[in-house]
Amino acid sequence: MDVLGGLTTEAFLRDYWQKKPLVIRQALPGYRCPITADELAGLACEDAVESRIVIEQDEGKPWQLHNGPFTPERFASLPPTHWTLLIQGLDHWAPEIADVLEAFRFIPNWRLDDIMASYAPQGGSVGPHYDQYDVFLLQVEGQREWTFGGHCDHTAPRVEGTPLRILSSWDGEETVVLEPGDMLYLPPGIGHHGVALNDCITLSIGFRAPSMDDILTGYTDFLCSQTDASQHFTDPGLKPQNNPGAIGPQVIGELEAMIRDKLSDRRQLALWFGQFSTAPKSLDIVVPAEDPLAPDALLERLRHQEPLRWNEGSRFAFHELDDETALFVDGERYLLRGEARELAPILCRSANVDADLLVPLLEEPALAELVTALHNQGSLYFE
């Protein structure tokens, strides 16, 4: 699937990614949404599914947010127009939706967040706003009008009386109507406002980036969990000073050296980031297999060409170290050496694992046991 409308991935990443919006006509021509509006409403009634309803005017209050799960009666009480149902992580619950992600593998797996579905009747919207992540807005049913443009940040004025971050004085630079199969790419910080022209469904393929807070707190927590974290500051060269209240420059220098020593370990940083970036978003999705397999049974099914794929809520990535490859699956790491290093790129290339490449490697018992463990813990499954 050529979701960039004939634009090469090199040109897209160079000219548009995190730089400026792009309208792509017929990114997925002929694509029919496999999930109906009624099925989205059914998912919104499930405890494990993250769902929201946004109503533009709710008892005199602007842009009110309601969090699920909902009851079927809740949908009967909604106004006929000007509301939106949002289903987060739809790809986690529907393999046929998750397959759309295969068209976006030109962006690293670790950047992927999820696919959110937005259903709205005529006039439905979540208001003018901006996001802190990259998003591809794929129209899959009905028509939606998008106005977008202009960079926004935390200083932009917002509408009062709503829990949502709705921009109060924003004028977009361009307006387009997306038909089924059309797509709009928006980088972080770009203001946008989508309004349903009729009953419509939009899929938002979101790509995350960790904040500085995520990075600093996550990595320091990781370092503190290591065995040498109990090391204390030492000052065997302490000398008399004129005022005992002074913190001398040599103290700051030694503290800086301690911190730099820990932060300069690129191997540790890579191992932390691989585990951090592949931690599953939903623990309700990645659950142990109901029917655990033994390695020989798994290998036999692969030889019979049974399709093996990632759990829709799982994350796979790898990193090449000097003498080994670190494979990361759902927040865990596995260090591979020698010929076993070939396993990581095969498992991480696609959600649909290539059995022809995998089977020869699984002749090695240790690798067969590893892949079987990934199946039994729920990260992989046979269709």
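What follows is calculated from the coordinates using simple rules that are stated; it is not laboratory data. Here the structure is a predicted model, which is why all the values come from computation and not from measurement. Reconstructed Cβ throughout: ideal geometry from the backbone, glycine too, with neighbour counts over all protein chains shown.
Count charges around Trp146 for me, please; just the other residues with Cβ under 10 Å from its Cβ, Lys/Arg as +1, Asp/Glu as -1.
The answer is -2.
Could you tell me which label, among [x] 23.8; [y] 22.4; [z] 20.3, carries the value of Kirkwood radius over Cα pairs in Å calculated for this structure? Structure-derived value, by its label: [x].
Taking a virtual spin label 7 Å from the Cα of Thr71 along the C-beta vector, which residues in segment 30-48 bring their backbone nitrogen under 18 Å of it? Flagged as within label range: 41-48.
Within segment 125-210, list the GluC sites (Glu not before Pro) lying in a DSSP loop whose Cβ has at most 10 other Cβ atoms in a 10 Å radius. Show your work: numbers first, answer last.
Values: sites: Glu141, Glu145, Glu160, Glu173, Glu174; in loops: Glu160, Glu173.
Hits after loop and neighbour filter: Glu160.
For the pair segment 107-182 and segment 18-39, the centres of their Cα atoms are 14 angstrom apart.
Proximity of backbone amide H atoms, modeled 1.01 Å from N, is registered between Asn311 and Leu380, Tyr381 at under 5 Å, excluding neighbours fewer than 5 places apart on the same chain.
Assigning unit charges at the beta carbon (Lys, Arg +1; Asp, Glu -1) and nothing else, what dipole magnitude in debye, to the nearest 20, does the chain show about its Cα centre?
Working: 28 positive and 60 negative charges, 214 e Å.
Roughly 1020 debye, rounded to the nearest 20.
Annotation: amide H of Asp58 within the under-5 Å range of Trp63, Gln64, sequence separation 5 or more or interchain, hydrogens built in the peptide plane.
Rounded to two decimals, what ratio of Rg to Rh does segment 9-207 give with C-alpha atoms and a Kirkwood Rh?
Reported Rg/Rh, Kirkwood definition of Rh: 0.94.
Cβ-to-Cβ counts within 10 Å put Val135, Val251 in ascending order as Val251, Val135, the fewest first. The Cα center of segment 220-263 and the Cα center of segment 323-383 differ in position by 42 Å.
If contacts are Cα pairs under 8 angstrom and at least 6 residues apart, what is the relative contact order of the chain in percent? So the answer I get is 15 percent. Among rounded, prolate and oblate, which fits segment 295-382 when a ≥ b ≥ c are the square roots of the eigenvalues of its C-alpha gyration tensor, a/c under 1.5 means rounded, and a/b larger than b/c means prolate? Because a/c hits 1.5 or more and a/b fails to exceed b/c, segment 295-382 counts as oblate.
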